[in-house]
Ligand code: FES
Ligand SMILES: [Fe+2]
């Protein structure tokens with residue numbers, strides 16, 4: 001088995017101000033399904049094209065933003081192996097028992113230098129709707145809304161992203177697919193555990209623990225257009241797009257959920273192999289790297305976060 | 001014409017959204033103190049009316065562009081103080097407006113709907129502990 005250790009993003013937990021509005025947004029517009037609501041009021045969502053119990057968790061709170069992101073590891077024993085490496089790196093690791101989230105086994109968690117909580121887990125029950133694995137149709141339930149196929153990645157903002165880079169590469173065995181270097185240092189990194197162009201990304205920002213966006217994968221550029229039609233039809237707040245990223249090459253729209261958390265729909269993106277060089281961008285070309293068609297950053301890219 | 005004559009410090013009165021209340025839109029005038037007026041509606045977020053006014057060149061003398069982010073009360077860049085007029089509040093992140101500030105008329109312009117004519121001024125967050133101000137974080141020119 002070539003792909004070991006950390007496999008991919010498992011789920012993200014976001015804070016929302018208005019739970020019914022958030023559920024309507026993520027189920028009817030994004031195209032996810034509600035799996036269940038936990039006893040503490042957290043709501044668990046997934047795409048019909050995902051096997052595991054959930055990939056998106058909503059928690060009602062007074063302030064919007066990011067609670068945590070969890071990655072799935074290949075084997076149960078990986079949790080102990082990674083715990084040792086993370087502790088050796090100098091971070092305190094805590095343990096979340098199985099069942100703290102419905103359908104998810106035990107997790108280990110810690111806080112990055114950028115102020116974000118990251119977790120690892122191995123076990124996830126499967127839940128309906130999910131793809132079939134014998135003579136499978138392309139879908140069991142016809143896709144609806146923006147037709148999101150999975151929770152794909154997140155972009156997080158915080159300080160000390162040089163340390164995040166070092167940690168993800170040395171301790172979690174990620175690769176850095178792309179980076180932006182400004183005259184005053186590292187501005188942004190795109191990190192992958194597998195063959196997607198990115199699973200998680202960070203941009204340097206003075207305030208710790210901030211959230212830029214969570215992205216949903218769509219099948220193609222036509223579906224990005226369909227998503228744009230839905231955004232206008234339902235008067236959803238749009239940041240930018242449809243456009244493309246030079247970095248990752250993904251076709252994209254940035255928009256906001258009803259609590260002001262930024263979402264992205266994302267199609268395409270190149271295949272990353274672990275022997276590929278890190279692609280680098282400089283201050284003169286970073287506009288093209290972020291928004292390939294506009295060739296400049298918009299006002300909101302570096303400043304609007306939750 | 002504004003009908004409110006409240007003292008600047010008393011601010012406007014926010015109240016929670018009531019989905020059951022009458023939602024027939026009424027036209028209102030939104031004044032951004034010192035910069036101009038926007039035509040808005042009781043069924044439209046104040047920031048969106050201001051964005052439209054800016055696009056039509058109705059807002060002048062802003063040192064930077066109108067701060068627009070999520071338009072949904074989460075990111076805080078559109079922080080403002082209502083000087084006169086009533087409004088209703090929709091979801092607003094406590095990270096950007098405390099209860100005490102809310103009581104004195106500090107709002108997120110994207111998270112209020114006017115109940116009548118309204119006057120407000122932009123009020124970016126003061127310097128935070130990390131030395132970065134919300135004003136600076138608006139980016140742009
Ligand atoms: S624009 Fe984000 S809170 Fe108003
Ligand atoms: Fe993204």
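Where a number appears in this text, it was derived from the coordinates with a stated rule and is not lab data. The structure displayed is predicted, hence computed values, not measured ones. Cβ: placed from backbone, ideal geometry, glycine included. Neighbour counts: every protein chain shown.
Per-structure values
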quantity: Principal axis dimensions, chain A - Cα atoms, whole angstrom, descending; calculated: 48, 48, 44
quantity: Rounded Å value of the spacing that divides the Cα centres of segment B:37-104 and segment A:81-154; calculated: 37
quantity: Candidates A:207, A:217, A:75, ranked by Gaussian network fluctuation over chain A, Cα under 10 Å, top entry; calculated: A:207
quantity: Among A:158, A:103, A:185: highest mean-square fluctuation, GNM of chain A, C-alpha pairs under 10 Å; calculated: A:185
quantity: Sorted by Cβ neighbour density within 10 Å, fewest at the top, the residues B:96, A:3, A:153; calculated: A:3, B:96, A:153
quantity: Full-extension gain in nm, residue A:80 to residue A:182, via 0.36 nm per residue minus C-alpha separation; calculated: 33.0 nm
quantity: Top of A:186, A:68, A:141 by mean-square fluctuation, Gaussian network on chain A, Cα under 10 Å; calculated: A:141
quantity: Neighbour-count order for B:115, B:66, A:17, fewest beta carbons within 10 angstrom listed first; calculated: B:115, B:66, A:17
quantity: Relative contact order (%) - criterion: Cα under 8 Å, at least six apart; region: chain A; calculated: 17
quantity: Fewest-first sequence of A:184, A:94, A:223 by Cβ atoms within 10 Å of each Cβ; calculated: A:184, A:94, A:223
quantity: Helix-only CD estimate at 222 nm, as mean residue ellipticity for chain A, using -39500 (n - 2.57) per DSSP H run (n ≥ 4); calculated: -4500 deg cm²/dmol
quantity: Segment A:6-121 - Rg (one decimal) and Dmax (whole number), Cα, Å; calculated: 14.7, 44
